[in-house]
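To start, the structure under review is shown below, and the notes come after it.
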Amino acid sequence: MSTLLESLRLENSFVPYGNPATLSKDGTTLTYAAHKTLDKVAYYAKNLFLLAPRAFFVPIRIAYAYLGYLAAKVTWWRSSPTPNFPELTEDQVAEALPNQFGPSDSLFQSCGYGTKYSNKPGRSNWNSTKNENWLTTKHIKVENERHFATFFIDYLDRPDEFVRILREMNVNAYRFSLERSIIETSPGVFNDETIQKHHTLIQRLIDAGITPWVTLHHFVETEDSPGFTDPTKLEAFENYCLRMIDEFNEVDHWMTFNEPGVYATQSFVRGVYPPGVTGDFATAGKVIRNLLITHCKIYKKAKQAHPGKKIGITHQWLKFAPINPDNPLEKYICDSISRIYHKCIYNFFKTGKFKFEVPFLASEEFQVDDWNPKEWLDFIGVQFYGYPQFKAGFSIGKTYPGDNVKQFLGLAIGATCREDSRVLSFGPAFSPETLDDALQEAVDIGVDVAITETGSDTKVQRHGNAQVVDDPKSQREYYERILPILHKFKDRMIGFFYWTLRSNLEWENADKVNLGVSTFTEDLHGRLQIQPNTAGRYLQEICHTNLQRVGNLLADNAA
């Protein structure tokens, strides 16, 4: 039935004709389907012929949806489902955490590597002459450029202080990124001093009982990188990744890419990351496809050389939910956006088939022969901040919060929240209960699961009030609500990482967003000190309890 409904989608009549790619089972051979002009003519003729029956079903769908909407209005007493938050003791909440837990970080965002604010050699594409220096008020929401320097602390030059802070937070794992721009300062030229500083930091972590989890690409590239738009120019990045896995043999957990869908759409659809292209869905689709292909190739080669390493990838669970499930317009918009940002990538992880379609604008396909997730992923990294909720209908005098929601003539359209909730300053609704859905989808892929990023903003907008307010208690409430959900999935989860330790450069939003659970200061001797906020203290306590549990498990296993 679902296949029939999919075939009747009206937008399927209007997608361009792509050339599907296929990767061989061993990850070595990539082939593209060659289409002749006659094939393309037949394709468009077929879709034109199917346009009428597809269009015929559109009013039927709308009528059916509105009947459900009217039925909901008649049964006005129907209550909304109550979010499922298990009632657990503090010890049970701590036990719900996986055996590895800690903060998640990007060394570009926290340390400024690859920018003019770092003393390390090498320039990133965020500080290049090609894209212009991206760290300006033109691209980033800061009052003046002098403010950028306040975001960055050089962890590589202060490894002992930084590791001491991590220990104070009672964590036993730390996820961070390698910044290629300061490691491979020009094509084929590697900076030995910087590499050694990374070794020092990693060894300090291990000596302190903190397991490093390393991301190879976290939205940042070298100044002269060709990017991922051309599939014939991916080999240099593959070689870099394989060299890093060889070089840092002391690291057991690797992630190839951070959120391929977000990277591609922010760079080529929204244009808020370099190169700053807007509305180019065709290139965004190609980039996501090329990132997935690159991951597959790196995985096969790295596992052959290092079979004991755990290699995964992270994905942002960016699913849009309608404010009113009975509103057909909201459902259609949410489904369309979710297919671009989430479903096309999730379906690849689950089935080995990637299909990115935007009517009139983009069509990209890629598949792996005889897909078995366990042969291409050791774990999937879930990046979760709650689901955005979309409104498209009458506002009836109510104020719907959200930077991107528009209200006019009694109507409201955009990402917002339901009447009893709030919106985080960077977009998603405060919806910790949706983690249950995200984790269930992740578990269904069939590999181990790690929450590699999750968190909540202290800056929120509540329904009925368009003003952003600072509410640290809201951030703590988020963690109090999601941790019990982990208990349901604890047998499948291998890691939990919160974003992030301290407020850093949140990409285009800078400090207009605050996801940090602490602030860093310096004492009279210039040494770093940490001051957790209310959410940070809660995580500190929970992690302390779990640290004792994990220590007891290790002691029992040793005995």
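Where a number appears in this text, it was derived from the coordinates with a stated rule and is not lab data. This is a predicted model, so every value here is computed, not measured. Cβ: placed from backbone, ideal geometry, glycine included. Neighbour counts: every protein chain shown.
General observations
- Ordering Phe430, Leu553, Phe489 by the projection of their Cα atoms onto the charge dipole of the range 418-559, which places +1 on the Cβ of Lys and Arg and -1 on the Cβ of Asp and Glu, puts Leu553 at the extreme positive end.
- The mean sequence distance of close C-alpha pairs (under 8 Å, at least 6 residues apart), as a share of the length of the range 369-516, puts its relative contact order at 25 percent.
- Helix-only CD estimate at 222 nm, as mean residue ellipticity for the chain, using -39500 (n - 2.57) per DSSP H run (n ≥ 4): -11500 deg cm²/dmol
- Most positive-pole-ward Cα, Leu329, Leu377, Ala34, against dipole of the chain from beta carbon charges: Leu329
- In the range 114-222, taking the dipole from charged Cβ atoms about the Cα centre, the farthest positive-side position among Asn119, His139, Ile165 is held by His139.
- Kyte-Doolittle mean at least -1.0 and Cα axial length at least 20 Å: DSSP H helices in the chain: 37-74, 192-207, 281-305, 472-486, 534-558
- Estimated FRET transfer efficiency when R0 is 22 angstrom, pair Glu541-Arg492 (beta carbons, to 0.05): 0.30
- Centroid-to-centroid separation of the range 165-224 and the range 429-469 [C-alpha atoms, Å]: 27
- Peptides 114-122, 23-31 ranked from most to least packed, by the mean per-residue count of other Cβ atoms within 10 Å: 114-122, 23-31.
- Classification of the range 342-495 by its C-alpha gyration tensor yields an oblate form. The axis ratio a/c (a ≥ b ≥ c) is 1.5 or more, and b/c is at least a/b.
- Nearest-20 debye value, the chain charge dipole, Cβ charges on Lys, Arg, Asp, Glu: 1580
- Ranked list, fewest to most other Cβ atoms within 10 Å of each Cβ, for Leu234, Leu291: Leu234, Leu291
- Packing order of peptides 362-370, 312-320, highest average first: 312-320, 362-370 (average count of other Cβ atoms within 10 Å over each peptide's residues).
- Cα shape, the range 269-336, gyration tensor, a/c 1.5 rule: oblate
- As a length-normalised measure over Cα pairs under 8 Å and 6 or more apart, the relative contact order of the chain settles at 17 percent.
- Shape of the range 431-559, Cα gyration tensor, a/c cut at 1.5: oblate
- Packing rank of 296-304, 398-406, where each peptide gets the mean count of other beta carbons within 10 Å, highest leading: 296-304, 398-406
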